[in-house]
Amino acid sequence: MHCAIIASVKLQLTKDKAIELRLPRGAGAKSASDITGVELFSSDPGGCPAVRLVFRKKAWHLAAAAKVKAPDGELPACWEDTPRQPSWELPRDFLSPHAALAVNSAMGAFAQSTADAVVQEMATGVASVSEASAEEKSDSGKKRFGIKRAPGAPPAKPGAAPAAPARRPPFPAAGEAVSENGRRFVVRPMAEDGFHLCASLPEFQTLWLSRLLPEGRRPTASSIQVAESALMASVLLQPEFRERDGNALAVFVTRNAVFFAGYRRGEPVLWRRCPSVGGSLAMRAAMRRTLGLDEELVDSVLDEALIDPRPALEPFVRPVLAQLELALAYLAGKHGLKFERALLMGLGAGAAHWATYAEESLHLRLVSPNPFEGLVRDRRVEVDGAEGYLVALGAAIAGAEVSL
Amino acid sequence: MKSSSVHLNLLKSSELLSSSPVRLRVMLPVGATLACAGLALWWGILFTQLVLAKTQAQAIEDDLAAKNKAHAEAIQKRDLARELKLQLEQLEGYRAGVRAVGAPLAKLAEVIPLRVQLKELSFTPLRAQVLQPPGAKAPLFGPTENVETQKLVIAGLTTKETPVVSLMESLEDGFEALVTSERKINSFKQDSAEADGRRLLSFEVEYTMPARRFAK
Amino acid sequence: MNGGVFQNMAPNARRSFVVTAVLGTVAAVLYLFCVQPGEAQLLRERRRLSDLQDRQARTNSDLKSSGTVKKDLDDLESALAPYRAAMLVPLLESYAMRAKSLLDPLALGAGLEEVGYSDEPFRALPLPKPMPRQLHTRAAVRVTAKGSYQQAVSFLLRLEREYPLVSLQRLDIAAVQGSPAAQSVTFVLEWPAKGGLTRK
């Protein structure tokens, strides 16, 4: 039997038959005021970044931040892997009532799409087309994020529908997770007319994740998000964001990609992956290759002025800035949003150089606030490498339904 | 807070799990276990109480067996005492009804006037005891009343009335054991006997005697 | 709930159901075959114990008072002794004969002549409550004689002195025609005597 803690009690009599008793919406229906955000399968060698946010005294507090031991086992790659269900316990500091899980999955998708594209995805059960996912799938045979490829399973090709669906599924209601053709979808409208944010994961992965945190113990999963959608929410508590009434342009640098996100009055108007550009791992590889550095020296070169990293860094950053310029133009033209500043999140070492290059080429000031700015940090919380917690933070903020 | 447009939650509400350890599929077996444990404990307590009660009962039975002879004797003596007490009560009732009239009868001889000649002195007979009243299924063991009354009849001859009156006056004092104050002159008439050439008068006086009360 | 529903249950729910069902059965068996009979047996045993305790209390009380009872018995025997001594017991199955044996010396001493004895109907004594087993009665004997008034009274006085528990039920002194000195005297005398038994 499963019990909904928010709106209703569902009694699962058999696998196929269930009855639902609606409960009056009470305190459980409000957003969580004590939530843990976790980034799963991030390939961070330190573990799974996790943060705990607690809303008290009219402010969000960072109650805990640490890299926790990953669950035993791997994200299943097919239905047959699903029964191997580990049970995961979080450390004591993260035993909030709710947990928002943001997962890095090669089979996951998050994109800005039109309604037709969304329906098409749902009908075919194919992940949405994105250049990054196409690139990932071209690296067939590699083990990424601990996910084993199902033997003989061909990667989905962009635009290729395996078979014409028998029916056209209805466009789902905003925020309501639906299952179609083996995938779980959820859409939200953007402030951009006609566009929606669509996130999806294979159904078996979603079910696996929903049972990862066992019933009867804190926390239990109240939210499962694709890592990129969590990223998008990670700036909502930034003072820079709030001071500008939720009008912001953000550049998210992850280990494997760079994303642009635009917001108008707190609502998303743009989400785009920077094409043909890798993330911070690629940047560091370029640094090592070009400057002949060992990995241990890359951070010090990026942070100190002894060696100019421009020969290695600028070629990497230039395409990003070009796309950034396009994004600026788009936002100004379509939404009347003119930005002189933008948020650069998740980079860490090298952010100052990026800011210099952006200032030079775009007259755009890139600011790199601490991801935990806007939160009241509890006394005992000490965090190194805050940029590594961006996805976990975003998951918690989104799971708490924080808005402007 | 409004619902955020940046929260794309792939978890359905039906998949939400409760963090509370209180779940029906846990509480039912727990409840059933507690019920079993409670019943087992209850049975254990009953068993212990039963053993205790049996032990106590056995101890009492042993004690009674040891005291049986002495108790029987004590009961016998108690019953005998009751019996003797009742017998004594009846006999003391008899003693209370004993009539001893020798002394007043002796004194009577002294107070008889010269001119009175007693012809008869008698107690009236007692009524027969009816120990089976009409309608009774079995005879009674004793009378329902404990009082008997009789009359003393004094009959004689005299020359005139005065000696009889004198006799009756004499019997008013000092003869309480023999007569009460209740008297009746049954007859006073001329008799056929003569003395000194005169016809004598016969009299009969009936006195109520003191009641015999056969009660302590 | 049919087998199909049970088969389709989630494993946790199925396990929970089975465990609950088993434990519920065990609980029912415990109650029906252990607890309920145990209660009934305990109730019976407690009643028996209570009865035994009452008996023991009575026994102890009786034994405790046995000393007092012995003293009471002794006192009663002493009190009954004069009555027993005074009781008229038949001689050769005749109460009149016994009376004769007792009263002839007195009659002779008083000067009465032609003394005759005959049985009179006994009269029952009133009953104490409760009734004793052994009843006593008023044994009556008629004594006839010839003598003077003074001799009759003398006899009575001797009788009262010698046998204080003998009672004068009736007296009849009548003059005899042609014999002024001698009267016809009739006494009906009562003695205490043993009566019947009220129960075996």
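Just so it is clear, none of the values below were taken in a lab; they were calculated from the coordinates. These numbers come from a predicted model, not from an experiment. We place every Cβ from the backbone using ideal geometry, glycine too, and count neighbours over all the protein chains shown.
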For chain C, what is the relative contact order in percent, using Cα pairs closer than 8 Å and at least 6 residues apart in sequence? 18 percent
For the range B:61-216 (alpha-carbon point model, no solvent) the Debye-based log₁₀ I(q)/I(0) at q = 0.20 Å⁻¹ works out to -1.21
Note down the magnitude of the dipole of chain C about its Cα centre, charges +1 on Lys and Arg C-beta and -1 on Asp and Glu C-beta and zero elsewhere, to the nearest 20 debye. 1200 debye
Any idea what % of Cα-Cα pairs in chain C are farther than 25 Å? 65 percent
Computed over chain B: longest principal axis from alpha-carbon atoms vs helix B:102-111 long axis, angle to nearest 10 degrees, is 30 degrees
Compute for the range B:11-106: radius of gyration divided by Kirkwood radius, i.e. Rg/Rh, restricted to C-alpha atoms, rounded to two decimals. 1.74
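Per residue of C:183-190, what is the mean number of Cβ atoms on other protein chains within 10 angstrom of that residue's Cβ? Kindly include the intermediate steps, with their values, before the conclusion.
Values: counts 4, 1, 1, 2, 1, 3, 0, 5.
Neighbouring Cβ atoms belonging to other protein chains average 2 per residue here.
If you average the sequence gap of Cα pairs under 8 Å that are 6 or more apart and divide by the length of chain B, what percent do you get for the contact order? Before the final figure, lay out each step's value.
On the way: 211 pairs, mean separation 45.3, N = 216.
Reported relative contact order: 21 percent.
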Binning at 5 Å from 0, report for the range A:166-246 what percent of all alpha-carbon pair distances ends up in each bin. 3, 11, 17, 20, 18, 14, 9, 6, 2, 0
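Hey, got the average number of other protein chain Cβ atoms within 10 angstrom for residues in B:27-36? Could you put the intermediate results ahead of the total?
Details: counts 2, 7, 10, 4, 4, 10, 5, 2, 7, 10.
That average works out to 6.
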Among B:Trp42, B:Leu64, B:Ala81, the residue whose Cα sits farthest towards the positive end of the charge dipole of the range B:25-96 (+1 at Cβ of Lys and Arg, -1 at Cβ of Asp and Glu, taken about the Cα centre) is B:Trp42
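Taking only the alpha-carbon atoms of the range B:102-190, what semi-axes of the equivalent ellipsoid follow from 5 times the gyration tensor eigenvalues under a square root, in whole Å, largest first? Before the final figure, lay out each step's value.
Numbers: eigenvalues 260, 44, 21 Å².
Value: 36, 15, 10 Å, ordered largest first.
Once you have the alpha carbon radius of gyration of the range A:212-337, what is it after dividing by 2.2 N^0.38 Å, with N set to its residue count? Mind showing how you got there, number by number?
Working: Rg = 18.2 Å, N = 126, 2.2 N^0.38 = 13.8 Å.
The value comes to 1.31.
Please identify the trypsin sites (Lys or Arg not before Pro) of the range A:288-396 that satisfy two criteria: DSSP loop assignment and at most 16 other Cβ atoms within 10 Å. Which are they? Intermediate values should be presented prior to the final figure.
Numbers: sites: A:Arg288, A:Arg289, A:Lys334, A:Lys338, A:Arg341, A:Arg365, A:Arg377, A:Arg379, A:Arg380; in loops: A:Lys338, A:Arg379, A:Arg380.
Hits after loop and neighbour filter: A:Lys338, A:Arg379, A:Arg380.
Hey, how much of the P(r) for the range C:87-197 falls beyond 16 Å, as a percent of Cα pairs? Write down the numbers at each step before the final one.
Details: 3600 of 6105 pairs.
Looking at the range C:87-197, the distances longer than 16 Å represent 59 percent of pairs.
Per-residue counts of other Cβ atoms within 10 Å, averaged by peptide: what ranking do you get for C:63-71, A:236-244, highest first?
Numbers: C:63-71: 13.4, A:236-244: 17.4.
The densest-packed peptide leads the list: A:236-244, C:63-71.
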Rounded Å value of the spacing that divides the Cα centres of the range A:276-304 and the range A:213-264: 26 Å
Set B:Lys216/C:Lys146; B:Lys107/C:Lys146; B:Lys151/B:Lys189; B:Lys137/C:Lys100; B:Lys67/B:Lys216 screened for pairs whose C-alpha atoms are more than 31 Å apart: B:Lys216/C:Lys146; B:Lys137/C:Lys100; B:Lys67/B:Lys216
For the range B:65-97 and the range A:341-383, write down the distance between their C-alpha centroids in whole Å. 118 Å
Mind ordering C:125-131, B:196-202 by average Cβ neighbours within 10 Å, highest first? C:125-131, B:196-202
What net charge do the residues around B:Leu64 carry, taking every other residue with its C-beta under 13 Å from that of B:Leu64, with Lys and Arg at +1 and Asp and Glu at -1? -1
By average C-beta atoms within 10 angstrom, highest first, the peptides C:181-190, B:22-31: C:181-190, B:22-31
Shielding by partners - mean other protein chain Cβ count within 10 Å, residues of B:41-53: 5
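State the dimensionless ratio Rg/Rh of the protein assembly as shown (Rg: radius of gyration of Cα atoms; Rh: Kirkwood radius).
On the way: Rg = 65.1 Å, Rh = 39.0 Å.
The Rg/Rh ratio comes out at 1.67.
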Rotationally averaged projected area of the range C:3-63 (alpha carbon convex hull; nm²): 5.5 nm²
